[in-house]
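First up is the structure itself, then whatever we jot down about it.
The values are calculated or read from the model by the stated rules, or taken from the named source; none is laboratory data. Everything quoted here is computed from the prediction, not taken from an experiment. Methodologically, a virtual Cβ is constructed for each residue, glycine included, from the backbone with ideal geometry; neighbour enumeration extends over all protein chains shown. Protein only, heavy atoms only, side chains kept; ligands, DNA and RNA dropped before computing areas. Shrake-Rupley method; radii C 1.70, N 1.55, O 1.52, S 1.80 Å.
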Amino acid sequence: PKFEYEVMRREVERVTEEYNLYVQAKLTQIKENASDPALVSEVNTIIEISADIHKMMKNDQSRLANAVDGDVDWRKREALRLTDLVQRRLDYLQNPTDCDKAKKIVCNPGKACGCGCRLHHVTYCLIMAYATQRTLILHSEDLGYAFQGWESVFLSISKTCRSTVGQTTTRWGPNSMTDDSQVIELPTLDNLSPRPSFLPLAIPEDIADRLTRVHGDPSAWWVGQFVTYLTRPNAMMRKFLNESKEKLGFVNPIVGVHVRRTDKIGTEAKFHSIDEYMRYANEWFDIYQKQHPGVQRRVYLASDDPGVLHEAKQKYPNYTFVSDNEVSRTAGLGDRFTNASLHGIILDIYLLSRCDFIVCTFSSNVCRVSYELMMPLHGDPSIRFKSLDDLYYFHGQNAHNVLAIEDHQSRHDGEISFNVGDIVGVAGNHWDGYSMGTHVKTGRSGLFPSYKFVNIIERVKMPTYHEEPD
Ligand code: GDP
């Protein structure tokens, strides 16, 4: 398929989503403010019918995407080729033949935080390693509770080079891109100075065309490559994951739902009821069912709140819920592994990434890691998720900018005006047709209609690794 065709096809999908979100949110608002029962009933009908039309459009779009012979295969093959290329480069980078001479970058422990948060810290280090063409060395023993030794769960990130020692060592600084020191030590991303342009959400220039042709979310794909490399399970973990998958009865098609509650609520995220998540699981199955009548509705439910599973089962008896919430407490994993909770969260993330569609909150690292791990598994997973809160982001990323494709005159207080070609730094999508952001030129902040903008994907020159073996 032509580049323009692939891009336009995804653009139609994106605008369809924005249109539906806008219509649903506005009609719901009218309904909630209406006192006349006849009006409420009429609005309810419009909500129902427009939701139905939306599902039909999505089904038609999916059929259209698959209508030309060979397109689906091409997308899968191309996505696989790109994954293979980057994974080989990482393998090459991480396994220098002579560790005594290798240029290294050393990742120091980040702040004490959860498994996903720590994994993202190491991901940042590996991105820095790739872009500076230096082998990443981890202080694995310092990575804290979440990884009681990296290699107790994942493959070692290097088979040949683990020593942090070198002839000369410097801290990351203004000259680091050209610095000849053998070892560079990295601070956390929050303390990184200067901040290079290759940080997420940038993608490497040399594969940018191929990537934007085949993928709707190249930035997440790029981060996903690093997370995938880092989380290659070791033999014992692979066995545990495979056995658990089978024991739990995890079979596709299945929608993954991750409900993040407990310590996150009120500090970093809002409470979302199970119904808010299930609305999107329902929608996915309603569409899927059009081409696969009689499908059994299955949800993989992961949560840090053990009460969620019971509530979901009570409220949605037509669904089969698959979950390890019960297993991890009763299966005595602690007997076999030193850290049952670590295995529990890795299993949840692994299975969420194997779902056909996930509903979660991008404010959670668990949700973002799951989405990132979907990247190499599907041709284009960018239509396979729904975040109830944030847009996709990488903690500490450079500005996420969007480009106006239509003029806009503010209609309300709090809304910003702009012209075609203007750039806005986006803070978040409100999932009601509007996003929040700051106009780069005028400095004004406010709401703007999401459909009038497209993402700007920064393309940055990074090493091309021509040495890597084919
Ligand atoms: P965040 O706090 O949601 O951004 O993600 P982190 O991974 O940094 O920290 C959350 C921690 O809570 C995880 O590492 C887990 O230990 C725990 N947790 C959160 N959600 C789940 C879940 O669905 N399943 C399991 N087993 N643990 C979870």
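General observations
- Local electrostatic count, residue 126, Cβ distance below 14 Å [Lys/Arg +1, Asp/Glu -1]: +3
- Sequence of 219, 417 from largest to smallest accessible area, 1.4 Å probe: 417, 219
- Residue 238 - accessible surface, heavy atoms, 1.4 Å probe, Å² rounded to 10: 120
- Applying 1/(1 + (r/R0)^6) with R0 = 30 Å to the Cβ-Cβ distance of residue 247 and residue 56 gives a FRET efficiency near 0.20.
- Rh (Kirkwood; distinct C-alpha pairs) - the chain, Å: 24.0
- Between residue 295 and residue 80, the distance separating the two model label sites (each 7 Å from Cα on the Cα→Cβ line) works out to 2.3 nm.
- Considering only the chain, percent of DSSP beta bridges that pair antiparallel, nearest 5: 40
- Length added when fully stretched, residue 440-residue 191, from 0.36 nm per residue minus Cα-Cα: 87.2 nm
- Per-q log10 I(q)/I(0), the range 190-237, q = 0.17, 0.29, 0.30 Å⁻¹ (Debye; single scatterer per alpha-carbon; no solvent): -0.64, -1.07, -1.11
- The phi-based Karplus calculation (6.51 cos²θ - 1.76 cosθ + 1.60; θ = phi - 60°) puts the 3J(HN,Hα) values of the range 376-393 at x, 8, 10, x, 8, x, 5, 9, 10, 8, 9, 9, 7, 10, 5, 6, 4, 8 Hz, whole numbers, x for Gly and Pro.
- Within the range 240-315, trypsin sites (Lys or Arg not before Pro) in DSSP loop having at most 12 other beta-carbon neighbours inside 10 Å: 270
- The angle between the Cα long axis of helix 365-374 and the main principal axis of the chain comes to about 90°, on a 0 to 90 degree scale.
- For the range 261-329, the set of chymotrypsin sites (Phe, Trp or Tyr not before Pro) satisfying both a DSSP loop assignment and a count of at most 13 other C-beta atoms within 10 Å is given as 271.
- Probe 1.4 Å, accessible area per residue of the range 103-217, Å²: 40
- Residues of type lysines that residue 104 reaches as a straight line, Cα spacing below 26 Å, ignoring anything fewer than 8 places off in the same chain: 159, 461
- Under a model in which nothing but the beta-carbon of Lys, Arg (+1) and Asp, Glu (-1) is charged, the chain shows a dipole of about 780 debye around its Cα centre.
- Each peptide in 349-359, 59-69 gets a packing score, the mean of other Cβ atoms within 10 Å over its residues, and the list from highest to lowest is 349-359, 59-69.
- Within a straight-line Cα-Cα reach of under 14 Å, residue 58 can be paired with the following aspartates and glutamates, leaving aside sequence neighbours fewer than 8 residues apart in one chain: 11, 13, 17, 18, 283, 286.
- Placing pseudo-labels 7 Å out from each Cα toward the beta carbon at residue 466 and residue 44 gives an inter-label distance of 6.8 nm.
- The chain: angle of helix 274-291 to the longest principal axis, Cα-based, in degrees nearest 10: 80
- Rounded to 10°, Cα long-axis angle of helix 340-353 versus longest principal axis of the chain: 60
- Partners of residue 101 within straight-line reach, counting aspartates and glutamates whose Cα lies under 14 Å from its Cα and excluding those fewer than 8 residues away in the same chain: 180.
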